[in-house]
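Q: A single structure is presented below for examination.
Here, each number is a calculation from the coordinates, and none is a lab measurement. Just so you know, these numbers come straight off a predicted model, no measurement behind them. Note that we place each Cβ from the backbone using ideal geometry, even for glycine, and neighbour counts take in every protein chain shown.
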Amino acid sequence: MNDVEDVKKANLMGKKNLHTLDMDWECGTQGDNVSHYAELLEALRPHSNLKELKIRHFQGLRLPRWMTNDFALSNLVKLQFRYCHKCKEMKSLGELSSLKELEIKRMDNLSHIGEDRHNHQVAESSTTTRTEVKGPEAATILYPSLEQLSVRDVPNLEEWFENSAEIFPKLQDLMLCGCPKLRYMPSHFPSLQKLTIEKVNNTDTVRSITKNITSLTSLSFVASSSSSSEKEEEEVARMLGKNKLLQILTVKGLSLMRSMPHLSPSLKKLNIRNCPALQIESARLPCVVESLWIDDVKAFVLDDTLWSNKLSDLYIRKVPEFVQLLVNFLRNNMHLCTIEIERCPQFEGFLSSNEEEIRSSPDSPPPPSSSSYFDSSVERLSKHIGFAITGVCSTSIFDSHWLQGAPVIGRSAIPPQHSKLIDWQIF
């Protein structure tokens, strides 16, 4: 429907039982006539009972006035903007009192969200520092019900400015991804629990946004480029030091980081990727870790101390200096369900705590034939390491020194056709 008069006849404003509305202009026929799109969307004002609104491929430069009016959208809970590539400005949506979820994605020309800072007397000491707003407007609470906010792939976004000191009081989940030009955003997040920051180039902006956050339970940080800066690593360490309740941590792309910063003692899931200079020692990891994923780091030193008795999943990939998996580690971690080791060329297999190879007992069966290897591999592995493994569900080893096909002392020879993969299934 591309005719304004036809839209007016549809009378969306009179449809009080309409709760979900999806507007998509991907197949529009008006070309570059941005004024037509503006008139069209202005005429598409729905009834105030609407709860969910999606706007996609809108070709106008600005959003209609009714979209920022709480009277017009007093019951709106979820609002989504996607692929509105020509839109340059988005007025503040902070007055929408019922809004809980807001998503802004793939808006290539969007540069400003909120108020125009040039209309306010705001002192700037830098690109990321401003004086607090004073006067009656400071008492206004914006986005009073918002719980989830996602801003993804908005390459020209520079500022999100709101003329209020009270903002996002209930926000729990914030995602900022692919906003390389972002210079300023509000920093009041008293209830934030989950934070995802990816490819935000200005480290000072990241510091400004996160400076007051202490309540995180989940943090994901992806460096702005393949060659991260020391400032980014310092910022990650600062965030980890301030958020003592962190349970989930993902860090990617910190190419200069050499050692792990202090981690929260409550951390349960740790995902470290693309940190090629990093050396990780298991003794420094929290004792309640349940899932550990290490991918593309320099070294992982795994001792046999009881550093975690809750570990269920262990993934180790592309770690040049990962040498061994100690038998006592398997014995101590009775909740272990999955082990995957891939592209660790120096991996030598399962060793005892005194670093002597575990030799198979005199009654160990001969090396398995290619036809029976998978059928009895669990039992054989248990005999080779000296005790029965009762908790592991699956183990996979890809591309390691241990899988070269030649007989290894204390272990069975690996059939040539299985030289790239061992898979143990234990139930």
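Q: Mind checking the full-extension length gain between Trp66 and Arg331? Use 0.36 nm per residue of separation minus the Cα-Cα distance, one decimal, nm.
A: Details: separation 265, 0.36 × 265 = 95.40 nm, distance 6.36 nm.
That works out to 89.0 nm of additional length.
Q: If I take R0 = 30 Å and measure r between the Cβ atoms of Asn201 and Ala237 in this structure, what FRET efficiency does the formula 1/(1 + (r/R0)^6) give, to the nearest 0.05?
A: Working: r = 19 Å, r/R0 = 0.63.
Taking R0 as 30 Å, the efficiency between Asn201 and Ala237 is 0.95.
Q: How long is the gain from His85 to Tyr315 if the chain were fully straight, where each residue apart is worth 0.36 nm and the alpha carbon distance is subtracted?
A: So the extension gain works out to 78.8 nm.
Q: Moving on. Can you tell me the length gained on complete extension of the stretch Glu26 to Ser97, counting 0.36 nm per residue apart and subtracting the Cα distance? Write out the running numbers ahead of the final one.
A: Working: separation 71, 0.36 × 71 = 25.56 nm, distance 2.99 nm.
22.6 nm is the gain from fully extending Glu26 to Ser97.
Q: Roughly how many Å is it from the Cα centre of region 172-207 to that of region 272-298, as a whole number?
A: 24 Å
Q: Set the Förster distance to 60 Å, then compute FRET efficiency between Leu256 and Glu39 from the Cβ-Cβ distance, nearest 0.05. Display every interim value, and only then the final one.
A: Working: r = 52 Å, r/R0 = 0.87.
Computed FRET efficiency for Leu256 and Glu39: 0.70.
Q: At a Förster radius of 45 Å, what calculated FRET efficiency corresponds to the Cβ-Cβ distance of Asn109 and Asn271, to the nearest 0.05? Show your work: numbers first, answer last.
A: Details: r = 34 Å, r/R0 = 0.75.
Approximately 0.85, to the nearest 0.05.
Q: Right, here's the next one. Taking 29 Å as the cut-off for C-alpha to C-alpha distance, list the pairs among Lys54/Lys252; Lys170/Lys310; Lys51/Lys252; Lys16/Lys78; Lys181/Lys318; Lys16/Lys194 that go past it.
A: Among Lys54/Lys252; Lys170/Lys310; Lys51/Lys252; Lys16/Lys78; Lys181/Lys318; Lys16/Lys194, the Cα-Cα distance tops 29 Å for Lys54/Lys252; Lys170/Lys310; Lys51/Lys252; Lys181/Lys318; Lys16/Lys194.
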